[in-house]
1. Toward the positive end of the charge dipole of the chain, about the Cα centre and with charges on Cβ (Lys, Arg +1; Asp, Glu -1), which of G66, A206, L175 goes farthest?
2. Based only on other Cβ atoms within 10 Å, what is the fewest-to-most ordering of M208, M55?
3. Only helical DSSP H runs with n ≥ 4 go in: add -39500 (n - 2.57) per run for the chain, normalise by residue count and round the 222 nm mean residue ellipticity to 500 deg cm²/dmol.
4. Tell me the relative contact order for segment 2-337 as a rounded percent, counting alpha carbon contacts under 8 Å between residues six or more apart.
5. Order these by the 10 Å Cβ neighbour count, fewest first: L296, L24.
6. About the Cα centre of segment 47-153, what is the dipole size in debye to 20, counting +1 per Lys and Arg Cβ and -1 per Asp and Glu Cβ, all else neutral?
7. Among C116, C236, rank each residue by its count of other Cβ atoms within 10 Å, from fewest to most, as a rough exposure measure.
8. Among V263, H294, G32, which residue has its Cα positioned farthest towards the positive end of the charge dipole of the chain, with +1 placed on the Cβ of Lys and Arg, -1 on the Cβ of Asp and Glu, and the dipole taken about the Cα centre?
Amino acid sequence: MGEALHQRNTAVASGSVRQHDLVLDAGGTRVGASVWLPDGAAPAALLFCLPGGHMTRGYFDLRVPGNDSHSFARAMAAQGFAVAAIDHPGTGDSDDGGDRYRHTPESLADVAAAACGRIVTGLRAGSLVPGAAPLAALPTIGVGHSMGAMITVLHQQREPTHAAIAVLGFSTRGLPEYVPEQVRSLLDDRDALRAQRVELARAMFAAMGESSGGGDGDIYGRDGAESDGILALRDCRAPLLPTAAFCSMLPDNVGPEAAEVAVPVFIGLGSRDMAGAPHKVPAAFTGSGDICLHILPGAGHSHFLFPSRAGLFRRLAHWATRVAAPEATTAPGVISTS
């Protein structure tokens with residue numbers, strides 16, 4: 001990997017999970033990343049994770065002293081998966097490029113694809129972290145939450161490298177209730193909307209206030225969220241990426257791209273999420289013949305804060321093991337719910 005990759009520190013987590021924090025070159029963009037590896041047997045797959053708006057990669061490793069139960073990364077690594085998460089450009093340890101409005105969904109997807117390629121190439125060669133054995137046949141599964149799920153869909157559509165994708169807290173419905181009136185007249189003209197989206201995002205967030213997008217007491221920590229999870233979540237807040245956030249709010253935000261995803265899809269939604277009626281969400285993924293819908297009872301938008309996360313972790317691990325298996329096939333029209 002040469003000089004493009006720098007290991008900042010290596011920490012041994014509790015139990016049998018090892019964490020490695022990295023800074024890497026992803027297509028010319030400096031990107032902060034973390035990798036969690038299980039001890040023992042070779043992992044079944046690499047789960048490549050993208051956080052949502054207002055979040056760093058720490059969203060996938062929510063912890064407070066004495067309580068790791070909110071950490072998706074550690075839960076999945078303990079079940080035999082390698083896990084990686086990155087900071088989007090403009091957040092966390094990644095370069096901001098000087099103007100957060102320049103980061104479009106497509107540019108974020110391309111950076112994610114480049115970062116994923118660097119990480120998986122290093123893991124397969126055994127060169128990513130010291131002492132790690134080569135994982136020559138390691139498949140990847142894309143995992144994204146909220147806006148990060150939108151980016152995961154675009155990553156897979158633009159560069160179909162994942163064996164499957166898991167989208168959490170996301171639908172192509174968008175958030176039409178937040179779309180300004182002046183934008184609604186453009187919704188039927190995707191080309192015009194695309195050409196004007198940076199200017200439209202500037203105007204919308206100038207009017208709303210750039211911190212808009214949900215607070216700890218609303219979509220991130222509603223009734224039923226556990227106090228340790230809410231506390232941990234506050235440590236991974238990040239500036240909003242306005243253009244990408246604007247695009248994620250639009251009705252049918254990545255509808256055409258979602259229809260082109262041809263691999264198995266796992267959809268995770270809280271019963272009190274913000275993505276619309278859960279059972280309507282699978283209809284966007286018409287190109288996939290293998291769709292699993294999992295609804296977390298009592299959960300709001302940030303699933304890892306709620307008690308039902310334990311069921312999500314088990315169900316997603318079971319699904320990921322199946323779709324990552326070499327003999328896995330995508331049968332037409334297979335849709336399961338849980």
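Every read-out reported here was derived from the displayed coordinates using simple, explicitly stated rules and does not represent laboratory data. Not measured: the values here are computed from a predicted model. Cβ coordinates were reconstructed from backbone atoms using ideal geometry, including for glycine residues, and neighbour counts include every protein chain displayed.
1. In the chain, that residue is G66.
2. Working: M208 13, M55 25.
The order, fewest Cβ neighbours first, is M208, M55.
3. Working: 9 runs with 100 residues, N = 338.
Mean residue ellipticity at 222 nm (helix-derived): -9000 deg cm²/dmol.
4. On the way: 719 pairs, mean separation 60.1, N = 336.
RCO, segment 2-337: 18 percent.
5. Values: L296 25, L24 22.
Lowest count first: L24, L296.
6. On the way: 7 positive and 9 negative charges, 60 e Å.
For this selection, approximately 280 debye.
7. With the fewest neighbours first, C116, C236 line up as C236, C116.
8. H294
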